[in-house]
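Notes for the one structure printed next.
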Amino acid sequence: MSRSEITAGLSELLERHLSGKTCVWGREVSIETLGRCRPDYLSVSAYFGKLAGLSDIERAEVAAYEVKSCMADLKSGHGLNAVGDLNYIVGPYELMMEVVERHCAGDESMPGGEWGWAYPLHKDSRSLKTLRDMPRYEGQTEGWRLHWVTPGRLAAQRPQPIFVYLWALLHSCHGQGSSC
C-alpha cells in the first residue's frame, strides 16, 4: 500500500472517532497566531452541561492530532504541531514501536512524552496470542478502529486562549461540510 492510502485510512478512522465524541473538530486547521502552524486535525471538547459561562469555556480541552503513515512521513518536516492541551500521533503500530525504541535508545529527534499515540487495531486482534501476529495496517477501515495507547501529556499551559482555537476551527470549517 502507498503512503497516501495508509494516510487516507488513518484519517477516516480518526474522523470516525472524532464524530462519535462530543467535540468540535476540523481538518488542516491553520492557527495564524502560532506562526500559521497547521495540525492535521484539531478538536475542542467541553463537558459543562447545558449552560456555560465564559470561564467554563476556557476549561475546554484542545487536542491536536498528526496523522503519520511511516517513518519517512514522520521525519518529513511537515508538522508535528504540539499546540493542544493533548497532542496525538495517529499511525500504524509498527511506526509507534519504532519511535518508542529509537526514543528509548537516545534518539532525541523522535517525539517523546509530550505525544500520545493511536494506532489501528482490527476487531479480530483480541484473539491473537502475540502482537507479532497482529495484521499489518495497509489503509483498511472496515473492521478497524483506533486504539489509544498513551494519553498525550497535558501541556502546562496551552499556547493560546480557547477562542483562538475556536476561531481557527470555524475558519477552517468554512465550506468543508459535516465536520463543523
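The values are calculated or read from the model by the stated rules, or taken from the named source; none is laboratory data. Since the model is a prediction, treat every value here as computed from it, not as a measurement. All Cβ positions, glycine included, derive from the backbone under ideal geometry; neighbour counts span all protein chains shown. Surface accessibility is based on the protein's heavy atoms, side chains included, excluding ligands, DNA and RNA. Shrake-Rupley method; radii C 1.70, N 1.55, O 1.52, S 1.80 Å.
Here are a few things to note about the model shown:
- Residues (under 16 Å from residue 168 (Cβ atoms) and within 11 Å of the chain's Cα centre (by Cα)) located in segment 67-97: 81, 82, 84, 87
- Count of segment 115-155 residues which are touching a Gly at 6+ places or on another chain (Cβ under 9 Å), open to solvent by less than 50 Å² (accessible area, probe 1.4 Å) and modelled with pLDDT of 70 or more: 11
- Top-ranked residue in segment 55-66 [being over 23 Å from residue 96 (Cβ atoms) and outside any loop (DSSP other than H, G, I, E, B); ranked as farthest from the chain's Cα centre (by Cα)]: 55
- Residues located in segment 1-58, provided they are at pLDDT below 85 and under 21 Å from residue 121 (Cβ atoms): 1, 20, 21
- Boolean, residue 170 is modelled with pLDDT of 80 or more, under 15 Å from residue 23 (Cβ atoms) and open to solvent by 70 Å² or more (accessible area, probe 1.4 Å): yes
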